[in-house]
C-alpha cells in the first residue's frame with residue numbers, strides 16, 4: 001500500500017511565479033500533476049460558480065478536440081491526455097455541489113507512488129479563513145505555499161497579461177496596458193491590487209494554517225538555487241536543477257511610464273512596508289522600489 005502523498009496548495013500571488021512552479025513540478029519525478037494548473041475548486045464552492053467553470057471545461061474540451069483533428073501523430077497522445085484530464089474534471093464539477101472525495105480522486109488519479117500532488121490556484125488566497133481551514137484538513141499532510149513578488153513588478157505583469165488577453169491586435173496592446181494601469185491607479189479594477197494584497201493574504205493564511213504547513217516565499221528567492229533548495233525541502237521532494245531564467249506566461253515587453261511608475265510605488269507603499277516589517281530581508285528590487293518611491 002502506497003503512502004498518502006503530500007497535497008500542495010500554491011495559493012498565489014497572481015503573477016508571482018506560480019506557472020513556473022507548475023512547470024517545474026510537472027517535470028519532477030516525485031510529483032504527480034494533472035494538466036489543468038488552476039482547478040478553482042474551492043473558490044467555485046465558495047461563490048457557486050459551477051456553471052461558469054463547467055462552461056470553461058466544455059470550451060477547453062472543444063478546443064482540444066479541434067487540435068487533435070489537425071495534430072501530427074506524435075502530438076496526439078499528449079492532446080489525448082489533456083482531453084482526458086479536462087473531461088475528468090468536468091465530471092467532478094457536474095455535481096454542482098461540494099464533492100471533496102471526487103476532487104481528491106481527481107488529484108490522485110494516476111499517481112502511483114508519487115510523493116506530491118498539487119492544485120496551483122492563486123485565487124484561493126482570497127478565500128475566507130474558514131474555507132482555508134477546511135482545505136488544510138482534507139488530508140494528513142496538506143501544505144500551503146504563498147509566493148510574493150515585488151509589488152510594482154507584480155502589478156505591471158498582471159496589467160500586461162490582462163491587456164494582452166483583451167486586445168484584438170498586437171499593436172493595440174501597449175495602449176491597452178497603459179490605459180488599464182491608469183484605471184487601476186485611479187481606483188478602478190481593484191481586483192488587480194487585491195491579488196497583490198500581501199497584508200490581507202498573510203493575515204488569512206496565518207490565521208488558518210499551522211506554521212509548519214505554510215511557507216511564505218519571495219518569487220525572487222525561489223528562482224535561485226538556495227531558495228529553490230529550501231522550497232524542495234518544505235515540499236518533501238528531492239532537489240532537481242531548474243531553469244531559473246526561463247520565463248513562463250510573460251506579458252508583452254513594455255516599460256511602465258515614469259509618471260505611472262511613481263504613482264504605482266505610492267499606491268503600493270503600504271504593501272512594501274507591511275512585508276518589510278514581517279520579512280526584513282527583502283530582495284534588492286523590492287528595496288529599490290521602496291527607496292525610489294520616497295522621492
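Some points to look at:
- Rounded if a/c under 1.5, otherwise prolate or oblate - the range 1-127, Cα gyration tensor axes: rounded
- GNM top mover of 37, 213, 72 - the chain, alpha-carbon springs below 10 Å: 72
- Using alpha-carbon coordinates, inclination of helix 258-278 to the longest axis of the chain, degrees: 70
- When the convex hull of its Cα atoms is viewed from all sides, the range 211-295 shows a mean projected area of 7.4 nm².
- Relative contact order of the range 55-149, pairs being alpha-carbon contacts under 8 Å that are 6 or more residues apart, as %: 18
- Percent RCO, i.e. relative contact order, over the range 139-295, from Cα pairs under 8 Å lying at least 6 residues apart: 35
- Taking every Cα-Cα distance in the range 50-90 and sorting them into 5 Å bins starting at zero, the pair-distance distribution P(r) comes out as 5, 27, 31, 19, 11, 5, 2 percent.
- GNM top mover of 101, 16, 264 - the chain, alpha-carbon springs below 10 Å: 101
- Where only DSSP H runs of four or more residues are counted, the chain gives -17000 deg cm²/dmol as its mean residue ellipticity at 222 nm, each run worth -39500 (n - 2.57).
- Oblate is the label for the range 71-184, because a/c, from the alpha-carbon gyration tensor with a ≥ b ≥ c as root eigenvalues, is 1.5 or above and a/b does not exceed b/c.
Every number here is computed from the coordinates shown, using simple stated rules; none is lab data. Note that the coordinates shown come from a computational prediction; the quantities given were computed from them, not determined experimentally.
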